[in-house]
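Read through the structure below, which is laid out as structure tokens, and then see the notes.
Just so you know, all these numbers are worked out from the coordinates, no wet-lab data involved. Bear in mind that the values here come from a model prediction, so they are computed numbers and not experimental data. Here the Cβ is made from the backbone with ideal geometry for all residues, glycine too, and neighbour counts use every protein chain on show.
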Amino acid sequence: MKTSRKAIENFLSSKKLAIAGVSRDPKKFGHTIYSDLKKKGFEVYPVNPFATEIDGIKCYHSVVELPSDVSSLLVLTPKKNTLEILKDALAKGIENIWIQQMSDTPEALAFVRDKKINLVARECIHMWTEPVSGVHKFHKTIKKIFGALPK
């Protein structure tokens, strides 16, 4: 399953998104993405079944609990949770989904393959939210050099 640049642009055009798998630990990847997207102007809704708030913002225990006007979801969960998160997202009517690289599974991708949604998979959101910096900028440059960026 290849992701298109248009799918990435469509996902990022919504500045309001839920993030499933936000960590309470500021040192973990699931927290750094959350913090980075907030700094870049996104209105984020953290989802973590074990937290009531993260950084002073209400945390939702499941995708099903999200407000009805949240139509974009970034999935950062451990692989074993991804399929269930996707099922909940589709049941909730969320049609703009990004499955962060390393959260996808063959079963999860097969489940959403024929659904009428905007899907981004096997990409790192850090490489696409401007300004891109540090190791993410380097990684994006390498992918560009080798022609591996989505077209």
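Could you tally the net charge around Arg24, taking each other residue with its Cβ under 13 Å from the Cβ of Arg24, Lys/Arg +1 and Asp/Glu -1?
-1
Computed FRET efficiency, Cβ-Cβ of Lys15 and Phe138, R0 30 Å: what is it to the nearest 0.05?
So the FRET efficiency works out to roughly 0.70.
List Thr82, Thr129 from most exposed to least, where exposure is judged by having the fewest other Cβ atoms within 10 Å.
With the sparsest Cβ surroundings first, the list reads Thr129, Thr82.
Could you check what % of the DSSP bridge pairs in the chain are antiparallel, to the nearest 5? Each step should come with its number before you reach the end.
Values: 2 of 20 bridges.
Roughly 10 percent of the beta bridges in the chain run antiparallel, per DSSP.
Step through the table entries Lys15/Lys38; Lys16/Lys143; Lys58/Lys79, compare each Cα-Cα distance with 20 Å, and write down the pairs that go over it.
Lys16/Lys143; Lys58/Lys79
Work out Dmax and Rg for the stretch 5-145 from the C-alpha atoms and quote the Rg first, both in angstrom.
Reported Rg and Dmax, both Å: 14.2, 43.
Among Val64, Val135, Val120, which one shows the biggest mean-square fluctuation in a GNM of the chain, springs joining Cα atoms closer than 10 Å?
Val135
Give me the distance between the Cα centres of the stretch 38-70 and the stretch 71-142, rounded to whole Å.
Centre-to-centre distance over Cα atoms comes out at 16 Å.
Once you have the Cα-Cα distance between Lys6 and Glu84, take 0.36 nm times their residue separation minus that, and quote the gain in nm to one decimal.
Value of the extension gain: 25.5 nm.
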